[in-house]
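Asker: Supplied in structure tokens, the structure appears directly below.
The values are calculated or read from the model by the stated rules, or taken from the named source; none is laboratory data. Since the structure is predicted, the reported quantities are computational estimates derived from the model, not experimental observations. Reconstructed Cβ throughout: ideal geometry from the backbone, glycine too, with neighbour counts over all protein chains shown. These area figures cover heavy atoms from the full protein model, side chains too; ligands, DNA and RNA do not enter into them. Shrake-Rupley method; radii C 1.70, N 1.55, O 1.52, S 1.80 Å.
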Amino acid sequence: MATTPQQSYIPSKVVKSEYPLIDNDPHFKRVVRYARTSDYVHGTVAAAAGPGLLLAMEKFAPSQVGRGGFSRALRLAGVIGALGGFLYFYQRSCLRFYGMSENAREVEMDMREMVDKVKAGEPLYGESKLTPHMQGVAARQSRYSALFTAVLPWFNFVNHNQHGVDTAKYYQRAEQELEAERLGKSSS
């Protein structure tokens with residue numbers, strides 16, 4: 001006898017922070033899109049640190065590895081540095097979504113994006129081909145995952161509606177804007 005899976009929704013815990021929570025499980029594309037120039041700069045500096053330090057060490061204490069040895073080590077340091085730089089860039093952007101660093105710009109961008117989606121009649125967090133149960137599983141696996149990036153990089157590539165915020169604020173703002181537009185047109 002087969003049982004039908006129940007829709008699983010487990011409310012997430014909200015971490016107390018100085019800044020407002022935007023999203024506790026932001027989609028990968030959204031994190032990259034909301035990144036600041038400072039995130040790119042920090043990521044680039046972190047990426048360049050590996051090969052840069054290796055070159056500095058080679059200058060002051062030559063390894064004398066022979067023909068082609070140092071270039072392989074430099075390429076490896078470049079790849080590892082690029083991966084580390086990207087992870088640092090990604091984590092800095094995610095921490096703003098979690099409200100763990102100053103995020104006024106992102107709060108405004110989030111409000112604008114979501115209100116526009118409400119006005120257009122689109123789902124707030126995109127459409128998913130997964131069942132609600134699998135969306136819940138994906139949400140629970142990647143919620144607050146950027147806090148553990150140094151140990152296990154884990155990104156959210158799933159559209160779901162479990163983001164730890166009350167979405168009523170988006171609908172209320174959309175109603176206010178639509179009412180203001182209606183009043184503006186009627187008075188003209």
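Asker: Just to confirm the number: angle between the C-alpha axis of helix 37-60 and the first principal axis of the chain, 0 to 90 degrees, nearest 10?
Answerer: With both axes taken from Cα atoms, the answer is about 10 degrees.
Asker: With a 1.4 Å probe and every protein chain kept in, tell me what percent of the accessible surface of region 126-184 is carbon plus sulfur.
Answerer: Here it works out to 58 percent.
Asker: Can I ask one more? Just to confirm the number: angle between the C-alpha axis of helix 132-142 and the first principal axis of the chain, 0 to 90 degrees, nearest 10?
Answerer: 40 degrees
Asker: Okay, moving on. With a 10 Å cut-off between alpha carbons and a GNM built on the chain, which of 157, 70, 60 moves the most?
Answerer: It is 60.
Asker: Still on this structure: Sticking to Cα atoms, compute the Rg of the chain to one decimal and its Dmax as the biggest Cα-Cα distance, whole number, in Å.
Answerer: Cα only, the chain: 22.4, 81 Å (Rg, Dmax).
Asker: Just round it to a whole percent: the fraction of Cα-Cα distances in region 104-188 exceeding 15 Å.
Answerer: Percentage above 15 Å: 68.
Asker: Ignoring ligands, DNA and RNA, what percent of the 1.4 Å accessible area of region 15-112 is carbon and sulfur?
Answerer: 67 percent
Asker: Okay, moving on. Fully extended, how many nm does the chain gain between residue 104 and residue 60 (0.36 nm per residue separation, minus their Cα-Cα distance)?
Answerer: 11.4 nm
Asker: If you don't mind, another one. Taking the alpha-carbon centroid of each part, what is the distance from region 125-187 to region 94-114 in angstrom?
Answerer: 12 Å
Asker: Sequence neighbours fewer than 8 away in the same chain don't count; with that in mind, list the lysines whose C-alpha is under 22 Å from residue 117.
Answerer: Qualifying lysines at Cα under 22 Å: 29, 129, 169, 185.
Asker: Excluding ligands and nucleic acids, what accessible area in Å² is computed for residue 71 using a 1.4 Å probe, to the nearest 10?
Answerer: Per-residue accessible area (residue 71): approximately 50 Å².
Asker: Which of the GluC sites (Glu not before Pro) found in region 98-188 are in a DSSP loop and have at most 10 neighbouring Cβ atoms, other than their own, within 10 Å?
Answerer: Those that pass, being in a loop and sparsely packed, are 127.
Asker: Rounded to the nearest whole Å², what accessible area per residue is found for the chain with the 1.4 Å probe?
Answerer: That works out to 64 Å² for each residue.
Asker: Just grab the label-to-label distance for residue 175 and residue 151, each label 7 Å out from Cα along the Cβ direction, in nm (one decimal).
Answerer: The two pseudo-label positions are separated by 4.4 nm.
Asker: Leaving ligands, DNA and RNA out of it, rank 57, 100 by accessible area with a 1.4 Å probe, largest first.
Answerer: In descending accessible area the options line up as 57, 100.
Asker: Now for a different question. List the trypsin sites (Lys or Arg not before Pro) in region 100-188 that DSSP assigns to loop (not H, G, I, E or B) and whose Cβ has at most 12 other Cβ atoms within 10 Å. Which are they?
Answerer: Hits after loop and neighbour filter: 129.
Asker: Something else about it: In whole percent, what relative contact order does the chain give with Cα contacts below 8 Å and a gap of six or more residues?
Answerer: 34 percent
Asker: Now a separate question. When every alpha-carbon pair in region 29-86 is counted, what percent end up more than 20 Å apart?
Answerer: 37 percent
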